[in-house]
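Everything below concerns the one structure shown next.
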Amino acid sequence: METTTSKIIDGNITESQFHTWKEKYGKLIKVEIENEEEVPCFAYFRKPSMATRAAVLQTSKVDEFKALEVLFKNCYLGGDEEIKQDDDLKISVITAFADLTQPKEAKAKKI
């Protein structure tokens, strides 16, 4: 019987895991940051759903840091464990992710 191994990619995830996420969620967002030793660390996220956006908005009215945590918990798929353990890395990564996932500006006019 032949066994297959999946290559480890950025964030210490397997190519197989990446493709599984890609099939399930479509577009993914990969965030890169360097730790204190200047070693690159990676995190993978899925786009926030409307329910997640609503929860983040509601929570941000009371506590903006908790709102970032809600976004992280609901959209983070995986990556380097250090990002989950180091608050500074986590805040930087989730802030970059949040900035990237802001809705695009739309223009409306009466016709």
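The values are calculated or read from the model by the stated rules, or taken from the named source; none is laboratory data. All figures in this text were calculated on a predicted structure; none of them were measured in a lab. In this analysis, Cβ positions are derived from the backbone assuming ideal geometry, glycine residues included, and neighbour counts consider all displayed protein chains.
Points worth noting:
- Check on A108, closer than 25 Å to G11 by Cβ and either modelled with pLDDT under 95 or of a type in the set (V, I, T) (or both): no
- Picking from residues in segment 26-80 that are among the β-branched types (V, I, T) and more than 13 Å from the chain's Cα centre (by Cα), the one that is farthest from T101 (Cα to Cα) is V39.
- Residue match in segment 86-101 (condition: over 12 Å from the mean Cα position of the chain (by Cα), among the aliphatic types (A, V, I, L, M) and outside any helix (DSSP H, G or I)): no
- Just one of (1) without any contact (Cβ under 8 Å) to a residue 12 or more places away in the chain; (2) over 21 Å from I83 (Cα atoms); (3) out of contact with any strand residue (DSSP E or B) (no Cβ under 6 Å at 6 or more places or on another chain) fails for I9. It is (2).
- Hey, V70 in contact with a strand residue (DSSP E or B) (Cβ under 7 Å, 6 or more places away or on another chain) and of a type in the set (V, I, T) or not: no
- Within segment 72-111, the set of residues being farther than 20 Å from P48 by Cα, in contact (Cβ under 8 Å) with a residue 60 or more places away in the chain and surrounded by 15 or more Cβ atoms within 10 Å (Cβ to Cβ) comprises D80 only.
- V31 meets the stated requirement of being aliphatic (A, V, I, L, M) and in contact with a strand residue (DSSP E or B) (Cβ under 6 Å, 6 or more places away or on another chain).
- All positions within segment 31-55 that are closer than 20 Å to D87 by Cα and in contact (Cβ under 8 Å) with a residue 24 or more places away in the chain: V31, I33, N35, P40, C41, F42, A43, Y44, F45
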